[in-house]
1. With the checklist (1) in contact with a Gly (Cβ under 7 Å, 6 or more places away or on another chain); (2) among the aliphatic types (A, V, I, L, M); (3) facing chain B (nearest Cβ under 10 Å) in hand, flag the one item A:L178 doesn't pass.
2. Would you point out the residue of region B:297-324, among those that are within 16 Å of B:G237 (Cβ to Cβ) and away from ligand 5 (no atom under 12 Å from the Cβ), that is farthest from the chain's Cα centre (by Cα)?
3. Answer yes or no: is there a residue in region B:198-218 that is surrounded by 17 or more Cβ atoms within 10 Å (Cβ to Cβ), within 16 Å of ligand 3 (Cβ to nearest atom) and in contact (Cβ under 8 Å) with a residue 60 or more places away in the chain.
4. Does region B:29-44 hold any residues that are facing another protein chain (nearest Cβ under 9 Å), closer than 17 Å to B:F60 by Cα and of a type outside the set (A, V, I, L, M, F, W, C), and which are they?
5. Taking the criterion of being within 14 Å of chain A (Cβ to nearest Cβ), outside any strand (DSSP E or B) and of a type in the set (D, E), would at least one residue in region B:48-68 satisfy it?
6. Since B:P323 meets every condition but one in (1) within 16 Å of ligand 1 (Cβ to nearest atom); (2) of a type outside the set (K, R); (3) part of a helix (DSSP H, G or I), which condition does it not meet?
7. Can you tell which of A:T150, A:T189 is within 30 Å of A:E3 (Cα to Cα) and buried (at least 19 other Cβ atoms within 10 Å of the Cβ)?
8. Among A:V176, A:V215, which is the only one that is within 16 Å of ligand 4 (Cβ to nearest atom) and either over 22 Å from B:M55 (Cα atoms) or aliphatic (A, V, I, L, M) (or both)?
Amino acid sequence: MGEKIRIGFYALTSCYGCQLQFAMMDELLQLIPNVEVKCWYMLERDSSEVEPVDIAFIEGSVSTEEEVELVKKIRENAKTVVAVGACATQGGVQSWTDKPLEELWKTVYGDAKVKFQPKKAEPVENYIKVDYKIYGCPPEKRDFLYTLGTLLIGSWPEDIDYPVCLECRLNGNPCVLLEKGEPCLGPITRAGCDARCPAYGIACIGCRGAVGYDVAWFDSLARVFKEKGLTKEEILERMRMFNAHNPKLEEMVKRIFEGVKE
Amino acid sequence: MRYVKLPKENTYTFLERLKEWGKLHAPVKISEKFYDFREIDDVRKVEFHYTRTIMPPKKFFFKPREKLFEFNIRKAEYRETIEDVEPFVIFGVHACDIFGLKILDTIYLDELPDKYYKVRREKGIIIGISCMPDEYCFCNLRETDFADDGFDLFLHELPDGWLVRVGTPTGHRIVDKNIKLFEEVTTEDICAFREFERKRSEAFKYHEDWSDLRYLLELEMEHPMWDEESEKCLACGICNTTCPTCRCYEVQDIVNLDGETGYRERRWDSCQFRSHGLVAGNHNFRPTKKARFMNRYLCKNAYNEKLGISYCVGCGRCTAFCPAGISFVRNLRVILGLEEKTCPSEITEEIPKRGFAYVQNLRGDGL
Ligand code: SF4
Ligand code: SF4
Ligand code: SF4
Ligand code: SF4
Ligand code: SF4
């Protein structure tokens with residue numbers, strides 16, 4: 001390999017769980033000969049957020065005006081931008097609300113003053129072009145390795161466009177939706193977690209976000225849930241948890257309830 | 001064919017003895033309603049009267065996920081990672097699933113054999129078992145309800161034991177090695193076998209002729225059923241991943257962080273997924289959910305020339321395990337015109353009055 005590949009890992013508003021997940025990987029040692037870490041505060045105190053990099057990993061949701069500027073700067077300085085984790089890719093649970101910012105602010109901070117300009121939490125993609133996404137809360141080690149490894153050799157990683165149900169079947173779990181009527185979001189949720197929750201008999205809450213490319217059939221799944229006795233509100237609430245910013249969700253679910261008295 | 005009887009009281013001893021031939025797998029209850037083939041430690045956990053396993057027995061031969069080879073980019077080398085397979089026994093395979101494996105053989109063994117499938121197929125001992133159909137079974141309509149081959153031993157239930165058909169030299173050896181466990185088949189046993197088979201064939205839900213089906217599916221592309229049913233579909237792919245004859249897979253190369261070494265992995269795929277029809281240039285030859293939905297129906301009802309049957313063996317899994325409650329059988333019967341009338345009842349001059357496309361209850365009725 002010729003020149004070292006420069007990478008950066010940047011954090012917006014988040015729990016730092018994504019970084020932690022990756023910073024602890026033994027495999028990272030393999031990177032040393034080929035990679036130069038320009039910015040990764042968790043690994044390197046002398047990091048700088050403004051140096052040019054080949055690959056920028058961003059975790060966290062855009063939640064302040066300052067972060068809007070930061071992501072724009074990262075974009076300018078990076079050849080490839082990868083959004084990492086549920087907050088960066090979907091806005092995270094903190095973005096799952098209809099309430100105005102002032103009300104949210106009061107509930108959490110009261111009258112306290114801070115030195116930043118708060119905003120409602122949003123996915124990174126709402127502000128800059130994101131080239132690739134690593135999903136999950138926290139994201140999977142395997143996905144990170146795959147992405148970084150593939151980018152290192154100058155190839156492009158594949159996106160996951162199939163649902164959790166695939167992995168659930170590959171592992172031979174019983175289906176909690178079918179057997180217990182649990183509102184499992186597996187059919188609309190992006191795979192990659194190896195169907196972790198159904199493996200323990202727990203219905204998927206969709207933490208990896210809905211499958212993209214318009215193949216998350218919120219409407220068809222809402223129909224199944226409706227037949228199992230769930231109300232429109234219950235269905236919406238469950239599906240919104242990790243998909244608050246999905247523009248299709250509401251409309252598709254509502255369609256199933258059209259003409260139905262509640 | 002050789003026939004012996006395994007008296008009921010010897011069943012568990014026989015299962016214990018099977019372990020001498022390899023790791024034993026058999027159907028067990030994995031949850032309230034589901035069964036699956038699992039490795040057997042305690043033979044008393046084996047279910048002899050299970051309905052269907054959530055995963056088909058193909059999982060033992062065509063692994064849900066497997067590493068194909070390791071590579072080194074810098075050295076431009078690769079090394080196939082074909083497992084050293086120990087012999088193993090799968091006990092309790094229903095006739096439809098034996099046909100399922102025979103179908104996979106036509107794909108993965110006959111021409112350009114798949115090495116990974118082949119090593120396992122050579123080491124797997126198959127012990128079939130008789131069954132009573134439930135509401136989802138339709139192997140009778142697929143002519144896969146009775147296996148002529150594809151098993152080493154086949155156990156048919158008798159009131160006081162099992163009538164065993166011996167299908168292969170391995171089957172002979174298993175019987176010979178344990179000859180003290182077996183008895184000769186008596187006239188009563190034959191009567192009991194006949195009685196079981198009679199009851200079984202009556203127990204199937206449908207008794208009708210499906211021979212036109214694959215052509216009608218092709219002719220009825222505009223039928224409203226396709227829209228109505230694909231609309232309900234979740235595109236979860238469960239109908240493919242539980243099917244004993246689905247054989248599509250997807251591969252992925254995983255590169256290590258040294259930027260040099262890595263491996264290729266394959267996993268089961270489903271044609272209900274977007275990427276199944278995705279090709280270079282971002283074109284998709286099955287761009288809609290409906291197109292994907294239709295594809296499965298056509299694929300499963302296509303004609304397997306080697307075996308002279310359809311690719312669907314009638315196991316009922318794709319209906320029983322569909323979380324959206326979509327009934328494959330019902331939808332096929334809609335196309336056949338058996339659920340509701342498909343064609344105008346008053347046939348005009350232009351439309352031919354006879355011809356397979358309009359057949360309702362032919363077979364001589366009213367001719
Ligand atoms: S349990 Fe959930 S994820 Fe698993 S197959 Fe059923 S619906 Fe899909
Ligand atoms: S099963 Fe669903 S909720 Fe659980 S880890 Fe996977 S995507 Fe997240
Ligand atoms: S199992 Fe049912 S819902 Fe899932 S893809 Fe197949 S037909 Fe559609
Ligand atoms: S094309 Fe679809 S139905 Fe046919 S074998 Fe592949 S996954 Fe199964
Ligand atoms: S198509 Fe359905 S009924 Fe036919 S073999 Fe496959 S799972 Fe069984």
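The values are calculated or read from the model by the stated rules, or taken from the named source; none is laboratory data. Nothing here was measured: the structure is a model prediction, and the numbers come from that model. Glycine also receives a Cβ, built like all others from the backbone with ideal geometry; neighbour counts cover every protein chain displayed.
1. Looking at each condition in turn, A:L178 falls short on (1).
2. So in region B:297-324, the residues within 16 Å of B:G237 (Cβ to Cβ) come out as B:297, B:299-300, B:317-324.
Pick out the ones that are also away from ligand 5 (no atom under 12 Å from the Cβ) and you get B:323-324.
Working: B:P323: 19, B:A324: 21 Å.
Top of the filtered list is B:A324.
3. yes
4. B:D36, B:R38
5. As a first pass, look at region B:48-68 and keep what is within 14 Å of chain A (Cβ to nearest Cβ): B:50-60, B:62-67.
Keeping just the survivors that are outside any strand (DSSP E or B) gives B:50-52, B:54-60, B:62-64.
With the extra rule that they be of a type in the set (D, E), the set shrinks to none.
Scanning region B:48-68, I find no residue that is within 14 Å of chain A (Cβ to nearest Cβ), outside any strand (DSSP E or B) and of a type in the set (D, E), so the answer is no.
6. Among (1) within 16 Å of ligand 1 (Cβ to nearest atom); (2) of a type outside the set (K, R); (3) part of a helix (DSSP H, G or I), B:P323 violates only (3).
7. On the way: A:T189 fails: within 30 Å of A:E3 (Cα to Cα).
Just a single option satisfies the conditions, and that option is A:T150.
8. Values: A:V176 fails: within 16 Å of ligand 4 (Cβ to nearest atom).
The match here is A:V215.
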